[in-house]
Each structure stands twice: as C-alpha cells, then as structure tokens.
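The values are calculated or read from the model by the stated rules, or taken from the named source; none is laboratory data. Treat the numbers as computed from the prediction; the structure is a model and nothing was measured. Cβ placement follows ideal geometry from the backbone for every residue including glycine, while neighbour counts extend to all protein chains displayed. With ligands, DNA and RNA removed, areas are computed over all heavy atoms of the protein, side chains included. Shrake-Rupley method; radii C 1.70, N 1.55, O 1.52, S 1.80 Å.
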Amino acid sequence: MSNDKAPTESTSNPAAKLWGGRFSEATDAFVERFTASVNFDQRMALEDIQGSLAHAQMLSEVGVLSTDEYHRIADGLKEIAEEIQNGEFPWSVQLEDVHMNIEARLTQRIGATGKKLHTGRSRNDQVATDIRLWLRARIDRIGAELTRLQSGLVQLAEREADTIMPGFTHLQSAQPVTFGHHLLAWNAMLTRDYERLMDCRKRVNRSPLGAAALAGTSYPIDRERTAELLGFDAPTENSLDSVSDRDFAIEFCAFAALLLTHLSRASEELVLWASSQFDFIDLPDRFCTGSSIMPQKKNPDVPELVRGKTGRVNGHLIALLTLMKSQPLAYNKDNQEDKEPLFDAADTALDCLRAFADMVPALKAKKDNMLSAAAKGFSTATDLADYLVRKGIAFRDAHEIVGQSVSFAIEQDKDLSELSLEQLQQFSSEIGEDVFEVLTLEGSVAARDHIGGAAPNQVRAACIQAREQIAQRA
Ligand code: ARG
C-alpha cells in the first residue's frame with residue numbers, strides 16, 4: 001500500500017509512541033509510513049493475541065502479574081480479538097505494527113494494567129513467535145490440501161492403470177506407459193513435497209518467546225510453559241539466534257518453490273495434452289476460459305497460471321535468502337521484510353494446490369487418442385531389441401538390427417508391428433512369429449513388471465501403497 005503523496009511534515013506527537021520516551025521530535029511522516037508494517041502484519045493479529053495470552057498467563061503463574069491483572073489482560077485481549085474478527089479494530093499506521101496496535105488498544109480498553117503485558121518480552125521475540133504460529137497453521141492447511149490432491153491423483157491413477165499412452169524422453173515418443181503410471185510420477189513428487197513440509201514444520205514449531213530483545217530477561221519467566229501453552233514442541237535455544245533466526249521461513253519457501261516447480265511441470269503437461277496437437281485430455285470448461293477475439297478457443301488458464309506463479313514463489317525464496325545474507329546478530333529491522341514474501345508464498349502454494357486438487361479428479365482421458373499416439377513413433381523398438389537379446393543376440397547387435405528395421409519401416413511408412421514376418425526376418429533370422437506379442441503396446445507395457453515399472457498390475461499395487469501411505473498421515 002504505497003502512498004505517493006509522500007507528506008513531508010511530521011504529524012504525530014512523540015509521546016503517542018509506545019517507545020516515545022527518549023524522543024524530542026516527532027517521526028517524519030514519510031518515515032512513519034516507510035517503517036510501518038501494520039498494513040501487512042495485521043494478518044498475524046490473532047496469533048499475536050494468542051502469544052500475548054500465553055505470555056500473560058505464564059507471568060501470572062510465576063508471580064510477575066497478579067491473578068487479577070492477568071484476568072483483566074486476558075479479557076481485554078479476547079475482546080480485541082473479537083473486534084479484529086468483526087473488522088472493527090481501528091488500525092493505525094502511527095502505531096507502526098500489529099504488536100503496538102494491539103498493545104495500545106489493550107491499554108485504551110483496560111487502563112494501566114495493559115501496560116504490564118510487555119513485561120519480560122520484546123517485539124523481537126514476539127514477532128518471531130507470531131510468524132511461527134501463523135506459519136504452523138498455514139503448513140497444516142497446505143498439508144491437508146496436498147493430501148486432498150494426492151488422494152484424487154491416486155484414485156485417478158487407479159482408474160487409468162490400463163490406459164496406454166506414450167511415454168516421452170526429449171518430448172519424443174520413447175516407450176509406451178500408462179496414464180496411471182504417469183500420474184503416479186506426479187504423486188511421487190508430491191510425496192517428497194509433503195515430507196519436506198512436515199520436516200520444515202518441526203523447525204517452525206519451536207517457541208522463541210522469552211528470548212526478549214536479544215539476551216533473555218531478568219524476570220523469572222518459564223519458557224517451557226509458554227512453549228507448552230502455544231503448542232510448540234519446545235523453546236528455541238540461544239536467545240540471540242531465537243530473535244534473528246528466519247531459517248524456518250526460508251525452508252518453507254524452499255518447500256513452496258519446489259512444490260510449485262512440480263506443479264508447473266504437471267501444468268505444462270496438462271497444457272500440452274489439452275492442445276489439439278496432443279488431444280490427450282479434456283479439461284472441464286470450468287477450469288478454462290475463452291478468447292475475446294477467437295471464438296473457437298478454450299484456453300487452459302488454470303494450469304497456465306499455476307505454471308506462471310512458480311516465478312513469484314521462486315522469487316520469494318531468493319528474497320528471503322538475500323534478506324538474511326550477512327545480517328549481523330541479533331534482530332535487525334531488515335527482518336520486517338520477511339513477512340510479505342512468506343505470506344505470498346504460503347497463499348500461492350495453497351491456491352495452486354486447491355486449483356489442482358479440484359481439477360485433477362475432473363480430468364477426462366481421451367484413451368483412443370493416447371493409444372494411437374503411443375502406437376506412433378516406434379515406441380516398441382526397445383522391446384524388439386530385448387526380444388533379440390532373449391534369443392541370444394548381444395544388446396549392441398540387437399540395437400543395430402532394430403535400427404535397420406526402423407529405418408526400413410520408415411521407408412515403408414509403417415509401424416514395426418505392421419511389418420510382415422518376412423520383412424522383419426531380413427534383419428535377423430532369429431526373429432520368429434512370437435515377435436508380434438512383444439511389438440504390441442499392451443505386451444510392451446505388461447513386460448515392465450517390477451517395482452516402479454509401467455505394467456498395469458504394478459501401477460495398481462503402487463496405488464494401494466500410495467493410498468496406505470496417505471492414510472497414515474495424522
Ligand atoms: N514490525 C517488526 C518486524 O516485523 C516487529 C519487531 C520490531 N522490533 C524492533 N526492535 N523494532 O520485524
């Protein structure tokens with residue numbers, strides 16, 4: 001939210017700031033706007049209140065706040081949470097960020113007791129706590145959406161376990177596979193993404209609360225207790241590191257960048273397959289849009305946009321890495337720049353997963369087109385070579401023989417399986433009538449019968465395993 005009017009005079013009174021005590025001059029109005037984060041960090045308002053409630057409860061348990069003070073603070077914070085949820089909270093840029101907005105409001109509502117909330121705490125450990133709480137909740141939503149996508153993907157793979165399609169290398173027809181097998185390749189990528197997300201969650205889920213500004217605090221705080229109250233696995237260790245560490249945000253963005261990379265690959269394939277040149281799938285109309293000038297067009301906008309959004313997420317990863325590079329310990333204002341990239345990476349990951357989870361179960365395979373495409377391009381040539389090896393010919397010689405057969409078939413404008421036995425025998429007398437079994441697409445696919453292979457029964461077994469693996473997620 002930029003304001004290009006750029007006012008130059010100072011507008012607010014230093015005494016209005018929560019930190020105004022040592023200042024004799026009001027903040028420059030532009031500086032106020034330049035340094036404020038409230039326009040974006042108010043997204044963490046409820047987490048900020050959650051953190052404050054735990055902090056205040058702990059302070060009362062260790063005797064720093066009286067029970068009565070704690071209850072007044074807690075009631076005030078809960079009312080503020082309602083105000084925020086109802087969209088009635090008076091956010092102020094003069095109060096800089098979400099933390100000071102809420103704290104000032106608390107004092108406004110409950111009086112002087114509100115000023116005791118910040119005892120034994122700093123905005124530095126507070127903001128680190130808020131981001132971790134916010135991100136943890138987002139990770140759980142993203143994990144659930146990833147699981148929804150994978151469930152749909154595996155179901156579709158199971159339905160399409162026998163659907164023959166060309167497998168590609170260099171985007172050239174290479175060997176036949178099944179559509180189910182191809183979908184399980186996507187699923188394998190997403191399983192690694194899920195594992196990475198859960199691994200990242202472990203390092204997100206630690207409590208920096210109590211590290212205070214950088215050195216800890218002289219009050220008899222109980223860091224284990226606040227960690228427990230907030231559902232964190234444990235407190236973080238070193239206080240200097242606690243307020244300055246943003247590795248967890250970088251790790252999340254790395255997860256998101258790789259997830260989007262995978263989704264962009266799948267998107268690219270959907271875009272290709274939906275084209276009239278491939279014509280392998282039908283994308284339902286509700287995931288497509290038309291052209292304002294070409295009436296015949298049905299554009300695969302959703303996968304195109306997912307593909308395109310990979311750019312911004314990759315950018316956010318680089319932004320955070322660069323933000324942290326060379327930062328001296330401990331907290332620096334630079335860190336305020338962590339939020340927008342992190343929020344956008346999380347929003348984008350969630351939206352793209354949602355788009356995919358909705359779209360995948362609605363994909364229609366055009367089986368006949370897939371099959372006839374698989375029949376083109378000599379996709380069973382390797383099977384012919386393997387057949388010759390089984391007849392005792394060395395693989396390199398078999399490769400040569402098949403190469404000659406392919407060249408002959410191209411001249412004749414035929415597929416290998418369309419050549420006669422006599423024609424094939426010109427290249428090797430070892431070729432017999434049984435060769436036609438291996439030259440069919442079904443035979444070729446069924447022969448890849450081992451873990452991870454394209455054979456339909458292997459695809460079905462892999463689907464069962466994938467479903468079990470998904471069901472084990474908490
Ligand atoms: N808005 C700040 C941020 O996002 C909160 C922490 C400010 N701390 C400070 N010492 N200025 O990082």
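Data table
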quantity	calculated
Pair list, Cβ under 7 Å, 6 or more apart: segment 331-354 residue on the phi < 0 side of the Ramachandran plot, other residue within 11 Å of the ligand (Cβ to nearest atom) and among the small types (Gly, Ala, Ser)	331/244; 336/37; 339/37
Residue in segment 158-167 that is under 26 Å from the mean Cα position of the chain (by Cα) and either within 16 Å of the ligand (Cβ to nearest atom) or outside any loop (DSSP other than H, G, I, E, B) (or both) present	yes
Helices (runs of 4 or more DSSP H) lying entirely in segment 31-102 (those with 3 or more residues that are within 16 Å of the ligand (Cβ to nearest atom) and touching a Leu at 6+ places or on another chain (Cβ under 9 Å))	45-61
Residue satisfying all of: in segment 175-188; in a helix (DSSP H, G or I) and open to solvent by 30 Å² or more (accessible area, probe 1.4 Å); farthest from residue 370 (Cα to Cα) among these	188
Any hit, segment 353-372, residues being closer than 22 Å to residue 200 by Cβ and surrounded by fewer than 19 Cβ atoms within 10 Å (Cβ to Cβ)	yes
Hits in segment 57-93 (condition: touching a Phe, Trp or Tyr at 6+ places or on another chain (Cβ under 6 Å) and not small (Gly, Ala, Ser))	64, 83
Residue within segment 198-217 that is part of a strand (DSSP E or B) and either open to solvent by 10 Å² or more (accessible area, probe 1.4 Å) or β-branched (Val, Ile, Thr) (or both) present	yes
Search result, residues across segment 240-251 that are surrounded by 20 or more Cβ atoms within 10 Å (Cβ to Cβ) and either at pLDDT below 95 or in contact with a Leu (Cβ under 6 Å, 6 or more places away or on another chain) (or both)	243, 244, 249, 250
Complete set of residues in segment 317-365 that are assigned to a helix (DSSP H, G or I) and touching a Ser or Thr at 6+ places or on another chain (Cβ under 6 Å)	336
Residue selected from segment 435-462 under the condition out of contact with any strand residue (DSSP E or B) (no Cβ under 9 Å at 6 or more places or on another chain), among the β-branched types (Val, Ile, Thr) and part of a helix (DSSP H, G or I), by the criterion most open to solvent (accessible area, probe 1.4 Å)	438
Evaluation of residue 131 against (1) over 25 Å from residue 238 (Cα atoms); (2) β-branched (Val, Ile, Thr); (3) within 16 Å of the ligand (Cβ to nearest atom) (one fails), failing number	(1)
